[in-house]
1. Counting each DSSP H run of 4 or more residues in the chain as -39500 (n - 2.57), what helix-only mean residue ellipticity at 222 nm follows after dividing by all residues, to the nearest 500 deg cm²/dmol?
2. What number, in percent, do you get for the relative contact order of the chain if the mean sequence gap of Cα pairs under 8 Å and at least 6 apart is divided by its residue count?
3. Mind checking the stretch 145-236 for trypsin sites (Lys or Arg not before Pro) that DSSP puts in a loop (not H, G, I, E or B) and that have at most 13 other Cβ atoms within 10 Å?
4. Take the stretch 41-90, drop everything but the C-alpha atoms, weight them equally and run the Debye formula without solvent; then report log10 I(q)/I(0) at 0.31 Å⁻¹ to two decimals.
5. For the chain, what is the charge dipole size about the Cα centre, in debye to the nearest 20, if Lys and Arg each add +1 at the Cβ and Asp and Glu each add -1 at the Cβ?
6. Between 0 and 90 degrees, rounded to the nearest ten: what's the tilt of helix 23-33 against the longest Cα principal axis of the chain?
7. If R0 is 25 Å, what FRET efficiency do you get for Arg266 and Gln164 from their C-beta distance, rounded to 0.05?
8. Just how far, in whole angstrom, is the stretch 219-282 from the stretch 141-206 if you go by their alpha carbon centroids?
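What follows draws every value from the coordinates through simple rules; no lab data is involved. Just so we're clear, the structure is a prediction, and the values are computed from it rather than from any experiment. So basically every Cβ, Gly included, is an ideal-geometry build from the backbone, and we count neighbours across all protein chains shown.
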Amino acid sequence: MVATSTDKLADSRNLLLTGAAGVLGRVLRTPLGRLCGAGQTYAALRLSDRVALSAAVGPHEQDNPCELADRRAMESLLQGVAAVVHLGGVAVEGPFEPICEANIRGVFHLYEAARLAGTRRIVLASSNHASGCYPQGQPIGPADLPRPDGYYGVSKLFAEQMAQLYWDRYGIESVCLRLGTVAAEPQDRRALSTWLSFADLERLVLAALSAKDVGCLTVYGVSANPARWWSEAGWEQLGYRPQDSAEAWREQVQHLGPPADSLMARLQGGSFLGLGPFERQP
Ligand code: 15L
């Protein structure tokens, strides 16, 4: 069937969610789906992951499995995509090569494919591990020098710099979310500072998708925890107002965590400071 001009218009309005089968993807699939369909901002929600989705594809959803490291597949994945919520890739600290493939090469493919497809905005899951070597308790914000705590943190800084490059050179807007600990509940003492509830994650991502004229913006993603270390810089511009707080769990979790004299307890990146080195020992 030959596509009409109306089909083409509709086709250029899709919203892409990468990492759709992961924990965060499963949390965001339903709220992002509400933005899609007849009369909504986006025509369809295109779901992508390297593994199978957790639930059957709905009426305004499309299932497009894809490897981030496969350039051609990424170029076709981005066709007709107006905006992206990019959660895909390696989400933990580990050996360099898999992180390089998914988070460095994959982000290069994402931005190149977005440029070719005319995509207008990317909401990127960056991470607090971009600054995980600051001491716990030290207040920091997105304007402070990065201090990554591993290859994963470095890969997130690469992504943030790609976002800046593609804004400055090609006008693709990005919101880089340095996410804290996204979980149903805080599990340890560190999370009293770093927790981001599922509901606040949803608020943050929806704000990052819809705020006007963001250019290239990096913000920390955390709930309204009184013990948090990360500044609110950028939240007002996005219209993000967190509603949840980890404080209700203080009694239960404040004694839980690594030994007090370890790097894991002293630095903001927590348990990631206990991982590595992964390469050959001298
Ligand atoms: C992250 O960026 C990770 O994806 C997640 O697994 C957690 O470790 C989180 O940060 C955190 O810092 O708690």
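1. Mean residue ellipticity, 222 nm, calculated: -9000 deg cm²/dmol.
2. 16 percent.
3. Numbers: sites: Lys156, Arg169, Arg178, Arg189, Arg190, Arg203, Lys212, Arg228; in loops: Arg189, Arg190, Lys212, Arg228.
Answer by residue number: Lys212.
4. Relative scattering, expressed as log10 I(q)/I(0), comes to -1.44.
5. Using only the charged Cβ atoms, the result is roughly 320 debye.
6. 40
7. After rounding, the FRET efficiency stands at 0.25.
8. 12
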